[in-house]
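The values are calculated or read from the model by the stated rules, or taken from the named source; none is laboratory data. Given the structure is predicted, the values throughout are model-derived calculations rather than measurements. Using ideal geometry, Cβ is built from the backbone for each residue, glycine included, and neighbour counts are taken over all protein chains shown. Side chains are part of the model used for accessible areas, which takes the heavy atoms of the whole protein and leaves out ligands, DNA and RNA. Shrake-Rupley method; radii C 1.70, N 1.55, O 1.52, S 1.80 Å.
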Amino acid sequence: MEKTGKSSAVKILPVMALKGIIRNGNVYFPYLAAGIFSVFIYFVYVSILYNDIIKILPKSSYAWIMLWIGKSLLVLILLLFLIYANSFLMKRRQKEFGLYHILGLEKKHIGSMLFFETALIYAAALLGGVVFGLALSKLLFMVLLRMCRLPVDVQFVIHSKALRETVIYFLCIYTVNLLEGLIQVGKAKPIELMSGSRKGEKEPKFLWLSAILGVTAIAGGYYFSVTSELNSMIFIDFFLAVFCVIVGTYLLFAAGSIAFLKWMKSRKGVYYKSGNFITISGMLYRMKKNAAGLSNICIFSTMVIITLICTAALYAGMDSIVHFINPYDMTAQYGKGKITTEETEREIAALEKKYGLKAERVDVYEQTELSVSQSGNRFTVRTKEDGVSGVDAYAEDYKLALMTLEDYNKIENGAVSLAGNEALIYCSGSDYGFDTVDFFGKEFLIAEEAEKFFPEPKAKDNTFMASYLMVVKDETVKDACVRAFGEANGVEDMDAFAAGGAQFVRILLQGRDKEKTDFLDEFAQWCQSRPGFLKISNGAESRNELEVMYGALLFIGVLFGIIFFMCLILIMYYKQITEGYEDRNNFDIMQKVGMSDTEIRGTVRRQILMVFGLPLVGAVLHTAAGMFMVKGLMAALSFFRTDILLGSTAGVAVLFIAVYGASYMITARAYYGIVKHGGRD
């Protein structure tokens, strides 16, 4: 008999598990959809990562590195995403498990049923995600290649390692979710399970302390963001700002929302109106959970907005970034006086005729590049003893190029004149801003501070890779400056050092980079064959490599933007649906005592408007403060187009508010449908 009973339990529990999933479809199906989406994203991502093509395509190493970094973030985010979704699911099922226990099922039977439910959800999510992944992985791989501007006529093959890793990774996640459910059921008493979804919450202790700490933490996060500069500390400032804002948001919503509701409750003229009474009392009833939900919505909204802003700005500003870093198509360097402008122009003219391309710029000039440290209007020896040390040493250090007036006027096609004690200065970052310059003890009056100089595009926010150009009257003055630098730096062979310097041949062609390859290859061969050749760099090729790296960043940004948005939608959905089932008995009672359908709609609208409105306000404030740091982080990628960043911010904000508003309408309708008629849970 005992064996028969066990056999019957084994047979009936899987059936009960399946029926439980179907009967609770309004909470299980979104959880299943989240699982399918997560499996799909992860499977496609690792399929691309493990595909041999991504390793052998030209210039794809940057994309491969960025994808590996993105994978680490993806593993963490999907884990937290599904664990969070499962917590809502378990909250909704507590009463049902309590009922099973009262009807005679032991906790081990409920645990077994949970096991079968988890196994079914896992199998369905894995199957659905992999099927969608197999169908769409090649398409998304083509999208990645297009974003990276790599060849797209390639054969994409699914790697077995990607499938195996996906199966194991999600098995671990669903095992964690199962253990969480078993622990909750094992620890709780039947009466607690029966009332778990309706149990009111006590007011948090130290309400005002939490509020003060929350405001302080958010203010600290804003301070780190607003005062951050593009230096070695910006990434530390970024993590500090994010940490402070997240902690502060949770504390402030926990304390502030409750204080606000209690204040509204104390105002009798507001609280004792039929709609407000239910809204305020209902939210106070679950104050802690409500505050946590609002905080999560606010944080994820901010993450979605900032991720999409950065992605949109990077996409729109890609060309400006790569040309800022590499303004020339090719640069060849020679020993001083080894090549002439005339022979260079003759060779380029022949290549123009051969390949049908036109040279937009051909610059041949001499300059001496030095490493200096700046202190006010003084350029001095670059040493750590100057008050700057360690990773921050570059903050006051610059590359400085010395050039004669003749070469400067030739490059700029200008007619500037200088006296022997005068200099023209240009900084690719913020303005120099002084009337004189002390160059290793030699004093010069600043005759002009240039606003532009083609080889070094100017961006006043560029504090990370800024450089100086100092133009002096002639070779005699330039050699004197070089000697002063050498003496200050302890150079022994001063004559050889003063006679040094380099000659540069730089060319910029009209047309697209792909059309320039053969021209530049032949020009590079000619450059390397000339006497005095030192080195050469292909700017067009470097731009292609940067496009690959930034294209991978774009792909990751779009992917994570979608993930964050799905997390946000699921959190909002579960929060409102769960609370709808908790509230419907209350609304049922209110309807029986005379509350009209119009009043119910008004109450629902006000309650959901508060749930959606407060996090949106917080997200807008967080984003506004965070844009200072976003601007600095984008500058680290050599993005200095404020106009593009502002345009991307406006576009993303409008799009997000529109989608957020649509989500509000859909959620309000679903919540109203649950609470309108009351009934059994």
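Each of I236 and R378 was given a label point 7 Å from its Cα along the Cα-to-Cβ line. The distance between the two points is 2.7 nm. In segment 434-558, the portion of solvent-accessible area held by carbon and sulfur atoms comes to 49 percent [1.4 Å probe, whole percent, DNA, RNA and ligands not counted]. Of the whole protein surface, M665 contributes about 100 Å² of accessible area at a 1.4 Å probe radius.
Taking all protein chains together and a 1.4 Å probe, the residues V477, V654, V491, V372 rank V654, V491, V477, V372 from largest to smallest accessible area. Is the C-alpha gyration tensor of segment 298-451 telling us rounded, prolate or oblate? Criteria: a/c under 1.5 is rounded; beyond that, a/b larger than b/c is prolate, otherwise oblate. Because a/c hits 1.5 or more and a/b fails to exceed b/c, segment 298-451 counts as oblate. Rolling a 1.4 Å probe across all protein chains gives F555 an accessible area of roughly 20 Å². Take the Cα of L646, go 7 Å toward its beta carbon, and the backbone nitrogen atoms of segment 424-463 under 16 Å from that spot belong to 460-461.
The heavy atoms of D397 present about 20 square angstrom of accessible area, all protein chains included, probe 1.4 Å. Scoring 542-554, 130-142 by mean Cβ neighbours within 10 Å over their residues and listing the highest first yields 542-554, 130-142.
Multiplying the residue separation of R669 and H159 by 0.36 nm and subtracting their alpha-carbon distance yields 179.2 nm.
Can you tell me the length gained on complete extension of the stretch L134 to I657, counting 0.36 nm per residue apart and subtracting the Cα distance?
Full-extension gain reported as 184.9 nm.
Loop-located chymotrypsin sites (Phe, Trp or Tyr not before Pro) in segment 400-454 (DSSP state other than H, G, I, E, B) with a sparse environment of at most 16 neighbouring Cβ atoms within 10 Å: F434.
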